Structure formats: structure tokens, C-alpha cells
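Student: Please find one structure pasted underneath; my questions will follow.
The values are calculated or read from the model by the stated rules, or taken from the named source; none is laboratory data. Source: prediction; values computed, not measured. Here Cβ is always computed from backbone atoms with ideal geometry, including for glycine, and neighbour counts include all displayed protein chains.
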Amino acid sequence: MVVSLDMARRMGKAAIKKAGEMNRLCSVAVVDDRGIPIIIYRMNHTPFPTADIAYDKAWTAASFGMPSSDIVKLGNPSCPGFGFNTENYNYRLTPIAGGMPIKDGDEVTGGIGVSGATPEEDVAICQAGIAAMYS
Amino acid sequence: MTKEVTMEEGVPWKKITLEVAERMIAAAQRWASNAGVPCCVTIVDKAGAVVALERMDGCGFPGIATNAAIGKAYTAAQACVSNYLLSKMLDPRYIGEIPGSYYIGLMTQLNCRINLIPGGEPIRDDELNVIGGVGCGGPPDAVGEISDMTVCQVAISSLYE
């Protein structure tokens, strides 16, 4: 199922609400299955590079269908995919934690990225956003 | 630290906050859905960084429109003029004919991030200082009655309502 603007907006709002509850400033990006942003929100007083970083994380998660932190596995020297980290396709690939794919069954329908807090908190905020998708 | 002023307090705005940006986007989307042109609207702050971006369902050329909307808003915020003026200045057909026409090398400035398609407008506060930019992509034309520029103008005029 395609991620619509309504769903993306709900996810972004929920993520911002969660960040507010955790007393953190962050940016949220939701991208569709092609990695194109549907929404990007940056909370007031959040450092401005976070908007781009959130987009990068969401792009990475949506394009590979895995959490952005798992991308480092592909760059491991003991792994056949070594060298992957030098590709940097589109200049958007990032291994920083905080991007989660949005899945409908097995199919990847999009990605959400959060930047601004610590990586663990970013992931928690992402999950809050994904949980709000169908609410 | 200066006090942040928002529209909710009934006084002029000095800074692009997420609330102001969302209000502008909502106005632009209302107009765009009435006109039947799904589009992507981006609001950036003084630095040219995205504050809010929303792409409507069914937006034409989604990838290009989104990228262009970010680029147009960035350009308007950095250059402090409408993209329409810049694109006119940099049009090679006008070389030597209008002021600014020799600035054609501006195209590769700012790491080639600037976008010269009309459809980006700077946002000004009550003292006419530039505090941000708005960019739009998706409508089939850049200049005209139903176009990128009109959507931007609707977004800006919603500040004064």
C-alpha cells in the first residue's frame, strides 16, 4: 500500500509529539518507496543540518528495506559486499542509526528518518512514527 | 536571546517556525487542490534549510518536483529575490539587454544547488528582511495563472490573512 500524504503527516506529527515528550529537538522525514520525500518537518530551534540528515536516513532505509544502521553490515571487510561503503550512490547513503523502513507485509512502501537526538532515541522516535501510521 | 514571535500572538512574525510553515503549506495546498494541480511545497528558513515540506498525493514528476521545490526555496532564501527575477536575469537570450544579464555564471554557484526555475519566493517579515523562502514544484507550468509561482504567492499571502 502506498504511503499517502495523510499517513505521512500522521507519522510526522506522532514522531514530533514523541520527541517533545522525550524533551528532544529533531527533524522527521518520511519518504515513499522510491526514496522521494513526502513530508519533512523540522522542530523549532533544531540545528538545520538535521533536516537533510533525516532525509538521508529515510532514503537509506527505504532504498535497502532495512534499518539504516544495518547498512554497516554490507561494508564489513569479512562480508562479500565490502567496498559498498565507497559507492555513496546519490550522496544520500548513510549508516547512522535513525532510519526505519515502512513495510506492508514483505513489501517496502517507504521509510522514515529522524535526526537530532542520540541514535537510540532516534530509533525510538521512528518507531513511534511508524506505530501512528494506521491510527 | 531574542523572544520568538509567532502569528498566534497576533504580532508580526520574525522567524519561520514550524507552525507558520505548516499554515503556509496548508493554504497553498488548499489552493492547489481547488485548482487541480497536486504539488510539492517547501518552506525553508533564513539559512535555506527545510523547515517543512509536504508533497500532495498525485503530484506530477514527484522526484523532480520535490527536489526542485527544495532547490527553489533554497535559492530564493539565499538570493533574497524571487526566482522569476533570477531566471530572467540569467536567461542567455537577454545577455546585454537587461541589468544583471551578465551574471550567467551564477548558475554554478553554491555547489550547483541553486535552482533557477521560477517558483521560489523569499518570505519577508514586517521590516522586509528576508526570513526564509518558499518553493513549489509539480504544477505543469512555472509562470502563469496556475503555476509554481502562484502557489508560492498564495503561501506568502496566507501570512497576512
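Student: If you check B:Leu18 against the conditions, is it closer than 17 Å to B:Val151 by Cβ, within 8 Å of another protein chain (Cβ to nearest Cβ) and aliphatic (A, V, I, L, M)? Talk me through it step by step, then tell me what you get.
Tutor: Details: closer than 17 Å to B:Val151 by Cβ: no; within 8 Å of another protein chain (Cβ to nearest Cβ): yes; aliphatic (A, V, I, L, M): yes.
The answer is no for B:Leu18.
Student: Let me confirm something: among A:Ile40, A:Ile53, A:Ile16, which residue is more than 12 Å from the chain's Cα centre (by Cα) and in contact (Cβ under 8 Å) with a residue 12 or more places away in the chain? Full working, then the answer.
Tutor: On the way: A:Ile40 fails: more than 12 Å from the chain's Cα centre (by Cα); A:Ile53 fails: more than 12 Å from the chain's Cα centre (by Cα).
Every option except A:Ile16 fails the conditions.
Student: Does B:Tyr102 satisfy the criteria of being farther than 24 Å from A:Tyr41 by Cβ and loosely packed, with under 14 Cβ neighbours inside 10 Å?
Tutor: Details: farther than 24 Å from A:Tyr41 by Cβ: yes; loosely packed, with under 14 Cβ neighbours inside 10 Å: yes.
It is true that B:Tyr102 is farther than 24 Å from A:Tyr41 by Cβ and loosely packed, with under 14 Cβ neighbours inside 10 Å.
Student: Can you name the number of the only condition in (1) acidic (Asp, Glu); (2) assigned to a loop (DSSP other than H, G, I, E, B); (3) surrounded by 24 or more Cβ atoms within 10 Å (Cβ to Cβ) that B:Glu121 fails?
Tutor: Answer for B:Glu121: the failing condition is (2).
Student: Right, next: Among the residues of the stretch A:57-88, what is the count of those that are over 18 Å from A:Val3 (Cβ atoms) and within 12 Å of the chain's Cα centre (by Cα)? Give the steps one after another, and end with the answer.
Tutor: So the first thing to find is which residues in the stretch A:57-88 are over 18 Å from A:Val3 (Cβ atoms), and the list is A:69-88.
The next check asks that each one be within 12 Å of the chain's Cα centre (by Cα); those that pass are A:69.
Residues flagged as over 18 Å from A:Val3 (Cβ atoms) and within 12 Å of the chain's Cα centre (by Cα) within the stretch A:57-88 amount to 1.
Student: Here's another thing I want to ask about it. So, in the stretch B:79-110, how many residues would count as being closer than 18 Å to B:Met149 by Cα and over 11 Å from the mean Cα position of the chain (by Cα)? Reasoning before the result, please.
Tutor: So the first thing to find is which residues in the stretch B:79-110 are closer than 18 Å to B:Met149 by Cα, and the list is B:79-91.
Checking the rest, the ones that are also over 11 Å from the mean Cα position of the chain (by Cα) come to B:79, B:85-91.
Qualifying residue count, the stretch B:79-110: 8.
Student: What number of residues within the stretch B:51-82 are over 21 Å from A:Met7 (Cβ atoms) and in a loop (DSSP other than H, G, I, E, B)?
Tutor: Total meeting the criteria: 4.
Student: Quick one: which residue in A:Ile16, A:Ile39, A:Ile53, A:Ile71 is in a helix (DSSP H, G or I), within 28 Å of B:Glu22 (Cα to Cα) and in contact with a helix residue (DSSP H, G or I) (Cβ under 9 Å, 6 or more places away or on another chain)? Walk me through it before giving the result.
Tutor: Working: A:Ile39 fails: in a helix (DSSP H, G or I); A:Ile53 fails: in contact with a helix residue (DSSP H, G or I) (Cβ under 9 Å, 6 or more places away or on another chain); A:Ile71 fails: within 28 Å of B:Glu22 (Cα to Cα).
Of the residues listed, the single one that is in a helix (DSSP H, G or I), within 28 Å of B:Glu22 (Cα to Cα) and in contact with a helix residue (DSSP H, G or I) (Cβ under 9 Å, 6 or more places away or on another chain) is A:Ile16.
Student: Given the conditions (1) at pLDDT below 95; (2) more than 8 Å from chain B (Cβ to nearest Cβ), which single one is not true for A:Phe48?
Tutor: (2)
Student: Among (1) within 13 Å of the chain's Cα centre (by Cα); (2) within 14 Å of another protein chain (Cβ to nearest Cβ); (3) in a loop (DSSP other than H, G, I, E, B), there is one condition A:Thr109 misses while meeting the rest; what is its number?
Tutor: Result: A:Thr109 passes all but (3).
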